[in-house]
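Inspection log for the structure reproduced underneath, given as structure tokens.
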Amino acid sequence: MRFLQILRPACVTLWRPNRCVSCLLGLIIYLGSVASFNISPMTTGLRSAFSATRSSSILGGTQRAVTFDHLQVNIGEDFNPETGTFRCRLRGAYYFSFTVGKFPKKMLSVMLVKNGMEVQAIAYDGYQNQGRKVQSQSVMVSLKPMETVYLLLQDNPYYAIYSNVGPYITFSGYLVYPDSTSSVGYLNNHLSPPGLHLPGCPPPVDAYYDWRRRTTSEEPRSAFSVARTTSVLGESRVRREREALKFDVEYVNIGGHFNITSGRFTCHFPGAYYFAFTVGKHPRRAVSVKLMMGRGEVRAMVFNEDMSRRREMQSQSLLLSLKRGDSVWLYSQQDDGYAVYSNQGRYTTFSGFLVYPDGESMNIDRTFP
């Protein structure tokens, strides 16, 4: 700042006749001060996203954290492929998804971990057959600056993950909503840095934009992510009404539009919403879970009628166009012989968020022969 104060009288005196050059000089000085702190002007915005892949297998017991050898996207440089760790820079709600390959004759168990201790969700397959397959999982997590998220492989030689140049193993995450209640300031791109207002430049403003002043009318927000830690077994008795699958862990509930007691999401802002769910298959039971709208309109489903003892998972996702008051929920077949499996590892998850509010989305619901 002392350097800037020394330059200020000289630059004002020398370039006063030319406003454009004066602004340009101020910008150069400002960018120089930003660069001295190793902060890229292009990465100071509210953007954070990554997508990474791995092209080789990992055997349990050789390493725990899943690392990656190719980056597809790394906006904000918040993901380190060499350690497999995402480190939060911007407070907010993040959506993470991952897919891992099952190694032949090995079991599969990969956990999404927050801060090295908290298991957020799991991808699992306990069948030690010769075949190869993939399992997927996704969840939305609320993060504060410096918190970390990464994938953890079961530390046991009976477990492994498989990949090749295909690749089978992918890991992605992105900031869905920055936290508007955060006290953290974000640099804006104003030409005139604090304490250096040059003639002809735009008038000085705060160097930080207070995102708490944003109103809901500027940007509708709606997002939820929940999980279940216990199983649900179907019963032989007939039920009059279909009951929504309920959850006992709430990761994110922006707007409070998901009712964890009833298991239903209710639309408050018309628009296009993305929904994703993963359910665990119970040993000796089939699994049939449907994504429902309203009173029972089936929009998507997962199904596995294998009655073996093995535990595995099924995933599904879909974009839906919703109107105010529409409800979305999951229904698990309640007949005897069906079940949904979960435990403290959180096999069963359900997430959804507003992608585009009305005016940007197209309300289309067409059926083709």
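The values are calculated or read from the model by the stated rules, or taken from the named source; none is laboratory data. From a predicted model like this one, the values you see are computed outputs, not experimental measurements. Ideal geometry is used to build each Cβ from the backbone, glycine not excepted, and the neighbour counts take in all protein chains shown. Protein only, heavy atoms only, side chains kept; ligands, DNA and RNA dropped before computing areas. Shrake-Rupley method; radii C 1.70, N 1.55, O 1.52, S 1.80 Å.
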Report yes if Tyr356 is at pLDDT 90 or above and open to solvent by 60 Å² or more (accessible area, probe 1.4 Å), otherwise no. yes
Residues satisfying the stated conditions in region 114-172, i.e. among the charged types (D, E, K, R) and at pLDDT 95 or above: Lys114, Lys144, Glu147
Just a yes or no: is a residue in region 96-119 acidic (Asp, Glu), open to solvent by less than 10 Å² (accessible area, probe 1.4 Å) and in a strand (DSSP E or B)? no
Scan region 65-83 and give yes if some residue there is open to solvent by less than 10 Å² (accessible area, probe 1.4 Å), over 19 Å from Val165 (Cβ atoms) and aliphatic (A, V, I, L, M), otherwise no. no
If you take the residues in region 84-95 that are open to solvent by less than 10 Å² (accessible area, probe 1.4 Å) and in a loop (DSSP other than H, G, I, E, B), which one is nearest to Gln154 (Cα to Cα)? Gly84
Can you tell which of Arg324, Arg295, Arg311 is closer than 21 Å to Thr230 by Cβ and out of contact with any helix residue (DSSP H, G or I) (no Cβ under 6 Å at 6 or more places or on another chain)? Arg311
